[in-house]
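> Pasting a structure below so you can have a look.
The values are calculated or read from the model by the stated rules, or taken from the named source; none is laboratory data. These numbers come from a predicted model, not from an experiment. For neighbour counting, all protein chains shown are included, and Cβ atoms are generated from backbone atoms with ideal geometry for every residue, glycine included. All accessible areas refer to the heavy atoms of the entire protein, side chains included, with ligands and DNA or RNA removed. Shrake-Rupley method; radii C 1.70, N 1.55, O 1.52, S 1.80 Å.
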Amino acid sequence: MLRRLYDLVLRLAGHPRAPSWLAVVSFAESSVFPIPPDAMLIPMCLAKPDRAYRYALICTIASVLGGILGYAIGYFLFEALAEPVLRAYGHADALIRFQGWYDRWGALVILIKGLTPIPYKIVTIASGAALFSFPIFLAASIVTRGARFFLLAWLLRRFGPPIQGFIEQRLTLVTTAAAAGIVLGFLALRYV
């Protein structure tokens, strides 16, 4: 089933209304949909590099709006909706771990997890369920999702098709390096 969904998302990247579909996939992925928008963003940026940053902006805005829905699901409907979604993705114990991380690290959890391949929907739902500060959640989501999608767009625009294989095979490395940079920046601001 996931392969069919992934193939559908790839086909949507070539659709005449691809930017609209990109927004839909980005929104849905932040709260319930299993396929990340990268599957559309990569071929769209390669096909029209002059629009790469526009596509990254679409992903960022739609992803943050979808994240707000995920936060609301966790905040208002955790037992009815969020808990079954977390169980379905094999992350039933995620809330307990996230609450401990939030207590200890705060917004850094969102910044790091929003850049890494851990499904963002887990972060959004757990943030709401943990009653994490909504303004901080929103700000961290804008930063982290924007950084992820704009980094991807920049790489694709700068290096073109040769970078595609690297990104698809090493997206975890690329986004983890970006997350490490953000964490180091925050630590430098805090302790310098």
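> Return a whole-number percent for the relative contact order of the range 7-149, with Cα pairs under 8 Å and 6 or more residues apart as the contact set.
For the range 7-149, the relative contact order is 28 percent.
> Return the ratio Rg/(2.2 N^0.38 Å) for the range 1-51, where Rg is computed over Cα atoms only.
Cα Rg divided by the expected 2.2 N^0.38 Å: 1.06.
> While we're here: Please list the radius of gyration and Dmax for the range 1-151, considering alpha-carbon atoms only, with Å as the unit.
My reading of the Cα-based Rg and Dmax gives 15.1, 46 Å.
> Here is a follow-up. Mind checking the full-extension length gain between F166 and E79? Use 0.36 nm per residue of separation minus the Cα-Cα distance, one decimal, nm.
27.3 nm
> Note the full-extension length gain between R4 and R54 as 0.36 nm times their separation in residues minus their Cα-Cα distance, in nm to one decimal.
Length gained, R4 through R54: 15.3 nm.
> Summarise the accessible area of the range 29-140 (1.4 Å probe, protein heavy atoms) by the percent that is carbon and sulfur.
Ligands and nucleic acids excluded, carbon and sulfur reach 66 percent.
> Quick one: plug the Kirkwood hydrodynamic radius of the range 102-153 (C-alpha pairs) into Stokes-Einstein at 25 °C, 0.890 mPa s, and report D in µm²/s.
It diffuses with D of about 224 µm²/s by this estimate.
> Run the dipole for the range 1-105 about the Cα centre, Lys and Arg Cβ at +1, Asp and Glu Cβ at -1, nothing else charged, and hand back the magnitude in debye, nearest 20.
400
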